[in-house]
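The values are calculated or read from the model by the stated rules, or taken from the named source; none is laboratory data. Computed from a predicted model, the values in this text were never measured in an experiment. Note that each Cβ is placed from the backbone with ideal geometry, even for glycine, and that neighbours are counted across all protein chains shown.
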Amino acid sequence: MTHIAENEVAGKRTGNTFQAKTVKGEATRLKLLSAAEEVIGSKGYFRTSVVDITLKAGVAQGTFYVYFPGKQDIFEQLVRDLSHNLRREVSQALVGAQGRREAEEKGLAAFFSYVKKHRNLYRIVQEAEFVDEELYKWYYRRLAKGYVHGLQAAMEKGEFRPLDAETVAYALMGIADALGMRWILWEEKDVPKSVINDAMTMIMEGLSAREGR
């Protein structure tokens, strides 16, 4: 590696991932992650090699190991990045939502939008169950954690009935996950507005606080 190349990537390692110091170095790291998302999402983790990833990214194989010790390390970072970016987009979509119904509808729309841009999310997360079971569990637990806080707030305001917030969070995550798979993954279409409306009716009528219930 030349002196210039070393300066481009000089940075620090956090856990099993390398945080690039320069803009160019970070761009290379993100290029590798993007390539991993596409290749692993297409071929699966076990059929994907580091060479496949570097060829897709258009970088030398040796460069890969500057940023990631191995294939499992880039896979872990990929799952964590997908989770972080999904949660960020949903959180941004909820800004300004008036009441829990609007928050739920905006959250669904943001999830579907993210899945449309990252269609390989489903396969990558499914692969995680067999590559690193703890990572697989972390993915869903981390999504649920933020959801629980919002649901608890809605229950405290009387917008939702006082149920176990974690149970409700996983149930609603399951609805979003299944509808995204049904329409975006299988049909390669946007989730129809009528489907979203029906889902919202089921969610709100099943959870809304009502007198006499």
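Data table
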| item | result |
| --- | --- |
| Boolean, residue 72 is under 22 Å from the mean Cα position of the chain (by Cα), loosely packed, with under 14 Cβ neighbours inside 10 Å and in contact (Cβ under 8 Å) with a residue 12 or more places away in the chain | no |
| Positions within the stretch 43-58 being buried (at least 18 other Cβ atoms within 10 Å of the Cβ) and either in a loop (DSSP other than H, G, I, E, B) or not basic (Lys, Arg) (or both), in sequence order | 45, 48, 52, 53, 54, 57 |
| Residue within the stretch 190-197 that is acidic (Asp, Glu) and in a helix (DSSP H, G or I) present | no |
| Residue match in the stretch 102-111 (condition: of a type in the set (Lys, Arg) and surrounded by 17 or more Cβ atoms within 10 Å (Cβ to Cβ)) | yes |
| Unique residue being farther than 27 Å from residue 22 by Cβ and among the charged types (D, E, K, R) when the list is 76, 127, 89 | 127 |
| Test: residue in the stretch 160-172 that is surrounded by 15 or more Cβ atoms within 10 Å (Cβ to Cβ), farther than 19 Å from residue 94 by Cα, assigned by TED's automatic domain parsing to the domain that holds residue 103 and not acidic (Asp, Glu) | no |
| Residue in the stretch 134-147 that is without any contact (Cβ under 8 Å) to a residue 24 or more places away in the chain and closer than 21 Å to residue 102 by Cβ present | no |
| Neighbours by Cβ (under 8 Å, 6+ apart or cross-chain): first from the stretch 89-100, modelled with pLDDT under 95; second in a loop (DSSP other than H, G, I, E, B) and surrounded by fewer than 15 Cβ atoms within 10 Å (Cβ to Cβ) | 100/157 |
